[in-house]
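The values are calculated or read from the model by the stated rules, or taken from the named source; none is laboratory data. Bear in mind that the values here come from a model prediction, so they are computed numbers and not experimental data. No Cβ is skipped: glycine too gets one built from the backbone with ideal geometry, and neighbour counts run over all protein chains shown.
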Number of protein chains: 2
Amino acid sequence: MPVAVSVGEMDLRCATCPVHHHAVCQALGGLYLHELAGIMTHRHFEAGTEIVHQGETSNLFGIIASGVVKLTRLLPDGRQHIVCLLSETDCIGDVFSAESHDNAMCVTDVELCCFHRKQFDEIVKSHPTLGHHLLQRVTVDLEEARQWLTALGRKKAVEKVAMFIVWMWNEEHEHCLHAPRRVNDMMLHFPFSREEIADFLGLTLETVSRCIGKLDVDRVITLLNAKCIEIRDLDRLRQIAESDI
Amino acid sequence: MPVAVSVGEMDLRCATCPVHHHAVCQALGGLYLHELAGIMTHRHFEAGTEIVHQGETSNLFGIIASGVVKLTRLLPDGRQHIVCLLSETDCIGDVFSAESHDNAMCVTDVELCCFHRKQFDEIVKSHPTLGHHLLQRVTVDLEEARQWLTALGRKKAVEKVAMFIVWMWNEEHEHCLHAPRRVNDMMLHFPFSREEIADFLGLTLETVSRCIGKLDVDRVITLLNAKCIEIRDLDRLRQIAESDI
DNA sequence: CCAGTACGTTGATATAGGTCAAGAAGACAG
DNA sequence: CTGTCTTCTTGACCTATATCAACGTACTGG
């Protein structure tokens, strides 16, 4: 389901909906460019929808205003892997290449600020600060990818799952800083299914389930229900995640 | 072994040694900035030397003129993982953050063009084209990291090893385009030990050895000696690497 | 309230790859 | 050439995780 964004299609709601401006602004490091508003459209996607298809040519460059998106890759025999999980203010699509390396699928309902790749790139080219900021973002993404690389390459199942929980908790808190909630809350409600966690960590859903079970039994977390846990011992959880005995 | 690069320390050989200028020029997408020559020094590192240490603060930003560097991460209990293998024209160090996330170790002897992180960043800031080019490079690195992520998460040992061989072969050919050698040559001499390959692919050296053995028996490659193979059936090798039965 | 469906848990069993150990093959110094 | 060191290969065995299967639980629509 490719998303074509024509220039004339500018959605007037953008001008009146602070959510989208806020997301774009955050994504660009507090920098707000009026030119971008002019070429931005915004779209809603329901959970489970595919935004971009692997291998497909798409001119979409999007910034997530709300919701969670997974980037997945499918091997010829059906094995699947999630290479990245994106949320508020994260970017979908490559400024340089139109060919998408991965499927972008909505984990939850998603609000997306859409730009035409080339138009966005033009603006980037003419705004050094913006380019510099994007460089910083991609650098952070690369660092995060490398962190997961070591996890997938060298960590045990429980360590991976612990790492995933810590990571989710950090993500929550990061967004809390933007839109403060109860910061000390150890409750974590996550939108991912066991299978999604497994596909992200290179495990099977059964193993993920067992590992969460083990962390619960060991009193590191409390499993309130399938999609909601409470962190009981954050330090211990971090130690497990870092393979720090 | 942190590398301090003072402004006055400019190595005059830089002006006379085309290798270094060539590497920098390639790294920056054919763009050559005279300002960079002014702040560049070059250094030689022997195989096995550590250029930057994990967790250490270093102001080095380097471009590899020749040789191979591995970026490794060490877990508290000694498990190790190689997150990236770098060669000619690749960059070491982060423009933004002084703290290094990984060890940079020389796999072979290395010639490095060194810059002071902040000085380099200043020049990047004032040259939009350069910033844009770096963004493109990091984007490619991110894409490559994600490719390995799926490999580590979902591929079998033989598939990983096949992928590694194909990747090495591509790397060779990429560099051939710069300094043309026998392009049709199916011979591949690689500088990595079995342990390094294993640490990169999230396997053990024994498994790597067995997988190479299997590819040899299956007549996909010929193992000439421990560090030299001949690719017999590139298509088949690619199929295995892509998990394409 | 019930049937149907999707998702999660738990148990039994299989297996890919890890671990341990012994040789073989180079590389290098004397 | 010979002994020492390192790296690679090969074999035997073991374990973490995958696989297969059964059962629970929790929404959903009638």
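If the condition is being of a type in the set (F, W, Y) and over 23 Å from A:D121 (Cα atoms), then segment A:23-77 contributes only A:F45.
Listed here are the residues, each with its yes/no results for (1) within 24 Å of A:R79 (Cα to Cα); (2) in a strand (DSSP E or B); (3) modelled with pLDDT of 95 or more; (4) not acidic (D, E).
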position	(1), (2), (3), (4)
B:E144	yes, no, yes, no
B:W148	yes, no, yes, yes
B:A151	yes, no, yes, yes
B:V161	yes, no, yes, yes
B:E172	no, no, no, no
B:L177	no, no, no, yes
B:N184	no, no, no, yes
B:F192	no, no, yes, yes
B:L215	yes, no, yes, yes
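When residues in segment B:195-210 are screened for being out of contact with any Phe, Trp or Tyr (no Cβ under 8 Å at 6 or more places or on another chain), in a helix (DSSP H, G or I) and either within 12 Å of chain A (Cβ to nearest Cβ) or more than 11 Å from DNA strand C (Cβ to nearest atom) (or both), 4 of them pass.
Scanning segment A:63-101 for residues that are of a type in the set (K, R) and facing another protein chain (nearest Cβ under 9 Å) yields A:R73, A:R79. Scanning segment A:62-99 for residues that are surrounded by fewer than 20 Cβ atoms within 10 Å (Cβ to Cβ), of a type in the set (G, A, S) and in contact (Cβ under 8 Å) with a residue 24 or more places away in the chain turns up A:S66, A:S87, A:A98. In segment A:102-119 there is no residue that is touching a Phe, Trp or Tyr at 6+ places or on another chain (Cβ under 9 Å), within 12 Å of chain B (Cβ to nearest Cβ) and not aromatic (F, W, Y). Restricting segment A:120-136 to residues that are in contact with a helix residue (DSSP H, G or I) (Cβ under 7 Å, 6 or more places away or on another chain) and β-branched (V, I, T), the residue that is farthest from the other protein chains (Cβ to nearest Cβ) is A:I123. Checking each residue in segment A:204-244 for being under 15 Å from A:K155 (Cα atoms) and of a type outside the set (V, I, T) picks out A:C211, A:L237, A:R238, A:Q239, A:A241, A:E242, A:S243, A:D244. Quick check on my filter: what residues within segment B:126-145 are in contact with a Leu (Cβ under 8 Å, 6 or more places away or on another chain) and either within 18 Å of B:A198 (Cα to Cα) or not acidic (D, E) (or both)? Answer for segment B:126-145, where residues must be in contact with a Leu (Cβ under 8 Å, 6 or more places away or on another chain) and either within 18 Å of B:A198 (Cα to Cα) or not acidic (D, E) (or both): B:H127, B:T129, B:L130, B:G131, B:H133, B:L134, B:L135, B:V138, B:L142, B:A145.
Taking residues in segment B:137-162 that are facing chain A (nearest Cβ under 9 Å), and partners anywhere that are among the aliphatic types (A, V, I, L, M) and outside any helix (DSSP H, G or I), the pairs with Cβ atoms closer than 6 Å and at least 6 places apart or on different chains are B:R146/A:V83; B:L149/A:V83.
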